[in-house]
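Student: Okay, handing you the structure first.
What follows draws every value from the coordinates through simple rules; no lab data is involved. Note that the coordinates shown come from a computational prediction; the quantities given were computed from them, not determined experimentally. Methodologically, a virtual Cβ is constructed for each residue, glycine included, from the backbone with ideal geometry; neighbour enumeration extends over all protein chains shown.
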Amino acid sequence: MTDNRDVVAVVSALLGEAERDHQELLHSVVTVARALFGAAAASVFLLDDQAEELVFEAVSGEGEGHLVGERFPASRGIAGWVLVAQEPLVVADLATNPAFARDLAETTGYVPSSLMAAPLLRGEEPIGVMEVLDPAPSTVSPLGAADLLTLFAAQAAVALGVVQHNRKAHAMLSQGGTELSDLAEVARLLDSLGADRRQAGLHLLDSVHRLLSLPG
């Protein structure tokens, strides 16, 4: 019979591996977006709805070395506006935009002159924001640029949703409130999939999602 501690250890390790994979995907998304738009920086924020804060999850360019993990109020700035409106926004001159929170930008060490932002949605639920700072002048219209950024945001939302589910699952494991029989079934399924760890991670996340959705 499988020891409960072994099951928890296996699932925890695989959750960690899946999160690392998707963190790498998030970084790839912001890196490609930054290059495509010729921008000074690009970043993805995760909404911490309990703390009502946005958290830097991936950064490319300015701030890449120190911003991941930093937080600011989810109700402020362009990111906060986009989160509530659930619509992309392109601002050519931040100095004239009343939603821009210059004081928050100053805490990051870089104050942009222009930016583009798009909400990250899982279904109809906002789970974060993607921003591109100081994109290079382009022949693409603001509407076209917003549409293109929205495509990147859709990819980032998928990866960010996985990260979010992973962290909820880790919290359940650490609190000891997990239904271990379900975790044992997840471990069995993962083992049966062999070397295809990414697919195994997806199956794991699907099972965790079902578990989290059970009524209390």
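Student: So for each of 121-132, 38-49 I average, over its residues, the number of other beta carbons within 10 Å; can you give me the resulting order with the highest mean first?
Tutor: Working: 121-132: 19.8, 38-49: 22.2.
Per-residue mean Cβ counts within 10 Å order the peptides as 38-49, 121-132.
Student: Taking the mean number of other Cβ atoms within 10 Å as a proxy for protection, how do you rank 67-78, 96-107 from highest to lowest?
Tutor: Put in order of decreasing packing, that is 67-78, 96-107.
Student: What are the residues whose amide H is under 5 Å from the amide H of residue 100, where those residues sit 5 or more places off or on another chain and H is modelled from the backbone?
Tutor: none
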